[in-house]
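Q: My structure is below; once you've seen it, I'll send some questions.
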Amino acid sequence: MSVINDVKTALAGLKSAQASFETFALSTDKEQAKQLYQDAAKQTQSVLQSVEPRVQQIEQEEPQYAHDGNQASQGSTQVSQGQYGTEFASQNNAQQVRQKNQHAQS
């Protein structure tokens, strides 16, 4: 695996973890646990924001890794999309929990 694939895989994992923390925060009634999960989600977002520019830098330095490039780029995009699917599923779950909590509070 290339460095860009490894970085994109790590980013996908971080996004999935962030979505999970947000889901956990929304699904607990314990304030201390809720705060812990919210803090973890914020810290994960901070790490994401610091690493994402590296992907852009690699793609600029190595044009073959850019999104509109060759088969290697397309393969890495497919890998990332597969892992982002987990992130989207987690975010969807977080949204469902939010809606459930809002309905319960009404």
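The values are calculated or read from the model by the stated rules, or taken from the named source; none is laboratory data. Source: prediction; values computed, not measured. No Cβ is skipped: glycine too gets one built from the backbone with ideal geometry, and neighbour counts run over all protein chains shown.
Q: For the stretch 14-37, enumerate the residues that are over 11 Å from the mean Cα position of the chain (by Cα) and of a type in the set (A, V, I, L, M).
A: Listed by number, the residues that qualify are ALA25, LEU26, ALA33, LEU36.
Q: Taking the stretch 26-52 only, how many residues are in contact (Cβ under 8 Å) with a residue 12 or more places away in the chain and of a type in the set (Gly, Ala, Ser)?
A: Matching residues across the stretch 26-52 total 3.
Q: Has the stretch 54-67 got any residue that is touching a Ser or Thr at 6+ places or on another chain (Cβ under 9 Å), among the acidic types (Asp, Glu), surrounded by 14 or more Cβ atoms within 10 Å (Cβ to Cβ) and at pLDDT 65 or above?
A: Looking through the stretch 54-67, at least one residue is touching a Ser or Thr at 6+ places or on another chain (Cβ under 9 Å), among the acidic types (Asp, Glu), surrounded by 14 or more Cβ atoms within 10 Å (Cβ to Cβ) and at pLDDT 65 or above.
Q: Would you mind stating whether LYS30 is surrounded by 14 or more Cβ atoms within 10 Å (Cβ to Cβ), basic (Lys, Arg) and modelled with pLDDT of 60 or more?
A: no
Q: Under 8 Å by Cβ, and 6 or more places apart or on different chains, what pairs join a residue from the stretch 1-22 that is at pLDDT below 90 with one that is not in a helix (DSSP H, G or I)?
A: Qualifying pairs under 8 Å: ILE4/GLU62.
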